[in-house]
Amino acid sequence: MTGEHSRKLPGEGRRRVVVEAVRPELEGGRFPVKRVVGEPLAVRADVFGDGHDRVGGVLRYRKAGREGWEEEALTPLGNDRWEARFVPEEVGRYEYGVVAWADRFATWQEDVRKKAAAGQEVAVDLRMGAALVAAAASRARGTPDGKRLEDLSRELEGASDPAIAAALALGEELTRLATRWPDRSLATEYGRTLPLVVDPPLAGFSSWYEFFPRSCGEGPHGTLRDAERLLPEVARMGFDVVYLPPFHPIGESCRKGRNNSPRAEPGDPGSPWAVGSRRGGHRAVHPELGTLGDYEGFVAAAGKLGMQVALDLAFQCSPDHPYVSKHPAWFRWRPDGTLQHAENPPKKYEDIVPLDFETPEWGPLWEELLGVVLFWVERGVTVFRVDNPHTKPFAFWEWLIREVKGEHPEVVFLSEAFTRPTVMQRLAKVGFTQSYTYFTWRNTKAELTEYLTELTRTELREHFRPNFWPNTPDILPEYLQYGGRTAFAARLVLAATLSSNYGIYGPAFELCVAEAVPGKEEYLDSEKYEVKRWERDRPGSLAPLVGRVNRIRRENPALHSTWNLRFHEADNDNVLFYGKTSEDGSNALLIAVNLDPFQSQTCNVRVPLAELGIAPGRPYLMHDLLGEDRFLWQGEWNRLELDPRVLPARIFRVHSRLRREEDFDYFL
C-alpha cells in the first residue's frame with residue numbers, strides 16, 4: 001500500500017452478482033409475512049451480474065431454530081427477475097433468503113453452444129469445460145453424482161471427435177449433474193434473512209358464529225350448559241368457530257341498563273365487556289353462566305362437533321375488578337380521586353375503566369395479561385377475538401402474541417379494530433392472525449371492487465388477512481336496516497365468497513333483525529345489555545341458506561382462499577360478478593350478486609374463457625350451487641337475471657372440461 005493514506009479493500013471483492021428487490025418483504029424484514037400450512041410462498045428477486053456471464057441462485061428456507069437450509073432453485077421470469085417457491089408444512093416461524101452466484105458452467109455451455117452453431121473450433125473450450133466438471137466432481141465427492149461427474153470430465157478431456165464431445169458437453173445428463181453442484185464460493189447472499197409466520201389452516205379458512213350464552217336458556221339467565229345444547233344447531237349450519245362474548249363476572253357499580261342506559265334497573269345483566277367483580281376477573285366464569293368446568297365442557301363438546309371456541313379477549317375492567325384494589329397503579333385516577341372511565345367522545349362507557357399502559361408498573365401488567373391468555377390456552381382455547389386492540393400499545397401486542405405463539409404456534413388472534421387503515425395494518429404486522437375490515441360498510445360495486453382489489457392485489461396480502469362480518473353486536477349497518485331479508489342474504493353470500501374467513505352475529509343475522517336506534521348503526525334493544533329470547537325456528541329464518549352457503553364453502557376448494565379473487569365484467573352497476581379458481585385449477589366458481597335488495601336486475605356477464613381453459617365456441621355448463629339450476633352457456637357474454645324475491649345471488653360451478661353428449665345430459 002502506497003501513498004499518504006491507507007486504503008481498505010472490501011472483505012471480498014470478487015462477488016459479481018447482485019441480489020435485490022426481494023419480495024415479499026415487510027419493512028426490510030422488520031415484520032414477518034404470513035401464510036398457512038400448505039399455502040405456497042412465492043419469492044421473487046432481481047438477480048443479475050456484470051458482463052455476459054449467466055447467473056444461478058436458490059431460495060433457501062428453514063423452520064426457525066433449525067440447523068441447515070432447504071433450497072429451491074430460482075427460475076427466470078425475464079428481465080433479470082427470478083422466482084422460487086416452497087410450501088410450508090408446519091405451523092410456526094420460518095426464515096428465508098436468496099443466494100445467487102455467477103454460473104461459470106452455464107456460461108461455458110452457452111459459449112460452446114454458440115461456437116458450435118457458428119462452426120467455430122471448440123477443442124480448447126472442451127478442455128476448459130472438463131476442468132469445470134472436475135471441480136464439480138470434487139464438490140460432489142462421496143456421492144454417486146461425484147463419481148459420475150469424474151467419468152464425464154474424463155470423457156470430455158479424452159474425446160477425439162469434436163462433434164461427440166460437444167454433444168456430451170451440452171447433454172441433459174451433464175447439465176443436470178453439474179447444475180446440482182455449482183461453484184458457490186463467491187455467492188452473494190441477500191442482505192438479510194426474512195421472517196415468515198405459518199399459521200394453522202383455520203387462519204386461512206374459517207366461518208365464525210357469535211352468540212350470547214346468557215340468551216340460550218328458558219329461565220331469566222342462560223348458562224353455558226344451555227349454550228352447549230345449541231352447539232349441534234350451529235354445527236348443522238356449517239360453522240367451525242363458535243365465538244362467545246366475554247363470560248367473566250360483570251361489574252355491578254356503574255352497570256349499564258337496557259339500550260345503553262347509564263342506570264341499570266334491578267335484574268339488568270349489564271354488558272359482558274364490563275369485565276370483573278368481587279366474584280373474579282379475567283380468569284373467572286360469571287356465576288350465572290356456570291363454572292370453569294362448565295366452560296371446559298363447552299369447549300370439549302364443540303370440539304366433538306368439529307368446532308373451535310373463540311374467547312373474547314377484552315383487556316379492560318369494570319370499576320369492581322379485583323385489579324383495581326390489588327393494582328391501583330394499573331389505572332388512571334382523576335384529581336377528585338375517582339377512576340377514569342373509558343370514553344370516545346361523545347360516547348361514554350361508565351361501566352368500563354381502561355388499563356393504563358403507561359404505568360411505571362407496565363412490566364407486571366404485561367406479565368399478568370400474558371398469564372390470562374396462557375390460562376385459557378391451557379383450558380383448550382386456541383382462538384381469541386381481541387376487543388379493541390388499537391387502544392393498547394403495538395409493542396405490547398407484538399410481545400404478547402410472539403410469546404404465546406412461541407409456545408403455542410397454533411393459536412389464532414383476530415383483531416377487532418374498526419379504526420384508521422394505518423393502525424389496522426400495524427396491528428396485523430405486529431402479529432394478529434386475522435383482522436376485521438371495512439367490508440361492513442362497502443356496499444356498491446365500485447366500493448367493493450376497489451376495496452377487495454386493495455386487500456388482495458397489493459402488499460396488504462402479505463400480512464393483512466381479512467375476516468368479513470356483515471353485522472356484529474355493536475354494528476347494524478344501514479344496508480341491513482333498510483334492505484330487508486334480501487339484503488341479509490346478499491351480504492351473507494358476499495362475505496362468505498369474497499373472503500375465505502367470515503362471521504356473523506347470530507341469531508340476529510339469520511333472523512334478519514333490523515330494528516336500530518334511530519339515526520344510528522346500533523341495534524335497538526341490544527343484546528349487549530339484556531337477555532334475549534330468540535325464536536330460532538321463526539318462519540323466514542336464513543339458517544337454511546347459511547347452512548347451504550357454508551356447505552358450498554367446504555365442498556369447493558376455490559373458496560378456501562381470499563387471494564385468488566378476480567373481478568369480471570357485468571354491464572350493470574347493481575351486479576357484482578367475480579370468480580375464484582382453486583390452486584390446481586380443478587375447481588372454478590363464478591359468483592354473481594344483485595346489490596339492489598329491492599329490484600330484479602338483468603345484465604350481460606363476461607366469462608373469462610381463457611382463464612378457465614374453455615375453447616372459444618365450445619359450450620360449457622354452469623351449475624348454480626345455491627338454487628340448483630343448470631345452464632348451458634357458450635361464448636364470453638351471457639345473459640343473467642337475479643331476482644331478489646327468489647335469491648339475490650348465484651354461485652356457479654363451472655364445468656368446462658365436459659366433452660361428451662352424455663356429460664351434458666347428466667347435468668342438464
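Could you check, for the stretch 60-71, whether at least one of its residues is within 19 Å of H463 (Cα to Cα), under 26 Å from the mean Cα position of the chain (by Cα) and surrounded by fewer than 18 Cβ atoms within 10 Å (Cβ to Cβ)?
Yes, some residue in the stretch 60-71 is within 19 Å of H463 (Cα to Cα), under 26 Å from the mean Cα position of the chain (by Cα) and surrounded by fewer than 18 Cβ atoms within 10 Å (Cβ to Cβ).
Does W376 meet the test of being of a type in the set (A, V, I, L, M, F, W, C), open to solvent by less than 20 Å² (accessible area, probe 1.4 Å) and either closer than 16 Å to W273 by Cα or in a helix (DSSP H, G or I) (or both)?
Yes: the conditions hold for W376.
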Given the residues E367, E343, which is the only one that is free of Cβ contacts under 8 Å to residues at least 24 places away in the same chain and under 20 Å from Y529 (Cα atoms)? E343
Elements of type helices (runs of 4 or more DSSP H) contained in the stretch 415-509, each with 1 or more residues being within 26 Å of N556 (Cα to Cα) and among the small types (G, A, S): 478-498
If you check E478 against the conditions, is it open to solvent by 10 Å² or more (accessible area, probe 1.4 Å) and closer than 28 Å to V646 by Cα? yes
Look at the stretch 44-67 and say how many of its residues are of a type in the set (G, A, S) and not in a loop (DSSP other than H, G, I, E, B). 4
Read through the list (1) in contact (Cβ under 8 Å) with a residue 60 or more places away in the chain; (2) open to solvent by 40 Å² or more (accessible area, probe 1.4 Å); (3) over 24 Å from F509 (Cβ atoms), then give the number of the only condition that V430 fails. (2)
Within the stretch 352-371, how many residues turn out to be of a type in the set (D, E, K, R) and in a helix (DSSP H, G or I)? 2
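Yes/no per residue for (1) open to solvent by 10 Å² or more (accessible area, probe 1.4 Å); (2) closer than 19 Å to V386 by Cβ; (3) without any contact (Cβ under 8 Å) to a residue 40 or more places away in the chain; (4) of a type in the set (G, A, S):
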residue	(1), (2), (3), (4)
P272	no, yes, no, no
V275	no, yes, no, no
M307	no, no, no, no
D312	no, yes, no, no
Q316	yes, yes, no, no
Within the stretch 317-338, can you find the residues that are within 15 Å of S277 (Cα to Cα) and in contact with a helix residue (DSSP H, G or I) (Cβ under 7 Å, 6 or more places away or on another chain)? C317, Y323
For the stretch 332-345, does any single residue satisfy the condition of being crowded, with 18+ Cβ neighbours inside 10 Å, modelled with pLDDT of 95 or more and on the phi < 0 side of the Ramachandran plot? no
Taking helices (runs of 4 or more DSSP H) that fall entirely within the stretch 93-194, which contain at least 1 residues that are more than 26 Å from T75 (Cα to Cα) and open to solvent by 60 Å² or more (accessible area, probe 1.4 Å)? 123-139, 144-158, 162-169
For the stretch 386-407 the number of residues that are of a type outside the set (S, T, N, Q), open to solvent by 50 Å² or more (accessible area, probe 1.4 Å) and over 16 Å from E368 (Cα atoms) is 4
Answer yes or no: is there a residue in the stretch 226-243 that is without any contact (Cβ under 8 Å) to a residue 40 or more places away in the chain, within 25 Å of A495 (Cβ to Cβ) and surrounded by fewer than 23 Cβ atoms within 10 Å (Cβ to Cβ). yes
Of V18, V22, which residue is outside any loop (DSSP other than H, G, I, E, B), buried (at least 20 other Cβ atoms within 10 Å of the Cβ) and at pLDDT 95 or above? V22
Does A130 satisfy being hydrophobic (A, V, I, L, M, F, W, C) and farther than 22 Å from R14 by Cα? yes
Please determine, by comparing only the residues of the stretch 76-92 that are part of a strand (DSSP E or B) and open to solvent by less than 70 Å² (accessible area, probe 1.4 Å), which one is nearest to L202 (Cα to Cα). G92
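Of everything in the stretch 624-642 that's in a loop (DSSP other than H, G, I, E, B) and under 15 Å from V493 (Cα atoms), which residue is least open to solvent (accessible area, probe 1.4 Å)? Please lay out each step first, then the result.
From the stretch 624-642, those in a loop (DSSP other than H, G, I, E, B) are 625-629, 635-636; that's our starting set.
From what is left, the residues that are under 15 Å from V493 (Cα atoms) are 625-627.
Numbers: L625: 26, L626: 5, G627: 35 Å².
The qualifying residue least open to solvent (accessible area, probe 1.4 Å) is L626.
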Answer yes or no: is there a residue in the stretch 189-210 that is touching a residue at least 60 places away in the same chain (Cβ under 8 Å), in contact with a His (Cβ under 8 Å, 6 or more places away or on another chain) and not hydroxyl-bearing (S, T, Y). yes
In the stretch 383-395, is there at least one residue being aliphatic (A, V, I, L, M) and closer than 29 Å to G293 by Cα? yes
Hey, among the residues in the stretch 320-377 that are over 31 Å from the mean Cα position of the chain (by Cα) and of a type in the set (V, I, T), which one's farthest from H390 (Cα to Cα)? T338
Residue under question is E530, and the condition is that it be open to solvent by less than 20 Å² (accessible area, probe 1.4 Å), at pLDDT 95 or above and assigned to a loop (DSSP other than H, G, I, E, B); does it hold? yes
Looking only at residues that are in a loop (DSSP other than H, G, I, E, B) and small (G, A, S) in the stretch 543-587, which one is surrounded by the fewest Cβ atoms within 10 Å (Cβ to Cβ)? S586
Do you know which residues across the stretch 319-339 are among the polar types (S, T, N, Q) and closer than 28 Å to V285 by Cβ? S325
For a quick check of your reading of the model, give me the residue pairs whose first member lies in the stretch 566-584 and is within 14 Å of A446 (Cβ to Cβ) and among the polar types (S, T, N, Q), whose second is part of a loop (DSSP other than H, G, I, E, B) and at pLDDT 95 or above, with beta-carbon atoms closer than 6 Å and at least 6 apart or on different chains. N574/L595; N574/D596
Hey, can you tell me all the residues within the stretch 288-298 that are surrounded by fewer than 22 Cβ atoms within 10 Å (Cβ to Cβ), under 17 Å from C216 (Cα atoms) and out of contact with any His (no Cβ under 7 Å at 6 or more places or on another chain)? G290, T291, D294, G297
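Applying the selection to the stretch 588-601, what residues are in a loop (DSSP other than H, G, I, E, B) and of a type outside the set (F, W, Y)? Full working, then the answer.
So the first thing to find is which residues in the stretch 588-601 are in a loop (DSSP other than H, G, I, E, B), and the list is 595-600.
The answer is L595, D596, P597, Q599, S600.
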Checking the structure you have, find out if any residue of the stretch 336-352 is small (G, A, S), over 26 Å from R263 (Cβ atoms) and in contact with a Phe, Trp or Tyr (Cβ under 6 Å, 6 or more places away or on another chain). no
Would you check which residues across the stretch 433-455 are surrounded by fewer than 19 Cβ atoms within 10 Å (Cβ to Cβ) and of a type in the set (V, I, T) and list them? T444, T449, T453
Note on the stretch 337-372: residues under 25 Å from S271 (Cβ atoms) and acidic (D, E) are E343, E350, D351, D356, E368
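The values are calculated or read from the model by the stated rules, or taken from the named source; none is laboratory data. None of these values were measured; they are calculated from a predicted model. Neighbour counts run over all protein chains shown; Cβ positions are idealised from the backbone, glycine included. Heads up: the accessible areas ignore ligands, DNA and RNA and are worked out on the full protein's heavy atoms, side chains in. Shrake-Rupley method; radii C 1.70, N 1.55, O 1.52, S 1.80 Å.
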